[in-house]
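Visitor: First the structure, then my questions, so here it is.
Laboratory data are not the source of any read-out in this text; all were calculated from the coordinates shown. What you see is a predicted model; the values in this text were computed from it and never measured. Every residue, glycine as well, gets a Cβ built from its backbone with ideal geometry; the counts of neighbours run over all protein chains shown.
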Amino acid sequence: MKPIERLQVYLQFRSISPHSFEKKIGLSNGYFSKQLRNLGSVGSDILIKIDEKYPELNIVWVLTGQGQMITPGTDYSNNSHLMQVDEYLNKYEVENKKLKNLESDLEKLQVVIKDKDKIISLYEVIANNKLGVTPDKFEEESSAFG
């Protein structure tokens, strides 16, 4: 998981909208969503602002994934909150893995559909050749339907 994804986990866990997050740390509107969509990197200047505005967020966890999401010693670091954080992180990772698998399956299905379309086109060419339709004539006929 990249740092931008860990930030997304934190925002979801704390029910913070991307817009309010951007506003609080002085980012332009839509910056975070764009970075997340492209799995972009998070610059050091932005990390410094995040660390200043969200002191309970463990910045080492954001960067490396090591340790706890919530900094020990803050109001949110008691055992019940830490258990909620761990549950939420596990759920996020499972759902994220499912999403990646679905995206992979979708790509495979799109390839299969393209292959089937090519096969159908070849069968149409063969069928038209048996009927005496030349390839030039076939293209004219098929472009009329295209």
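Visitor: Scan the stretch 16-24 and tell me whether some residue there is at positive phi and surrounded by fewer than 16 Cβ atoms within 10 Å (Cβ to Cβ).
Guide: Looking for residues that are at positive phi and surrounded by fewer than 16 Cβ atoms within 10 Å (Cβ to Cβ), one finds none in the stretch 16-24, hence no.
Visitor: Also: Quick one: residue 67 ticks every box in (1) surrounded by 11 or more Cβ atoms within 10 Å (Cβ to Cβ); (2) free of Cβ contacts under 8 Å to residues at least 24 places away in the same chain; (3) not in a loop (DSSP other than H, G, I, E, B) bar one, so which box is it?
Guide: The one condition residue 67 does not meet is (3).
Visitor: So which pairs qualify, if the first residue must be in the stretch 6-34 and over 24 Å from residue 95 (Cα atoms) and touching a residue at least 12 places away in the same chain (Cβ under 8 Å), the second must be surrounded by 16 or more Cβ atoms within 10 Å (Cβ to Cβ) and of a type in the set (A, V, I, L, M), the Cβ gap must be under 8 Å, and the two must be at least 6 apart or on different chains?
Guide: 25/46; 25/50; 27/46
Visitor: For the stretch 45-64, which positions are farther than 19 Å from residue 22 by Cβ and outside any helix (DSSP H, G or I)?
Guide: From the stretch 45-64, those farther than 19 Å from residue 22 by Cβ are 58, 60-61, 63-64; that's our starting set.
Selection gives 58 alone.
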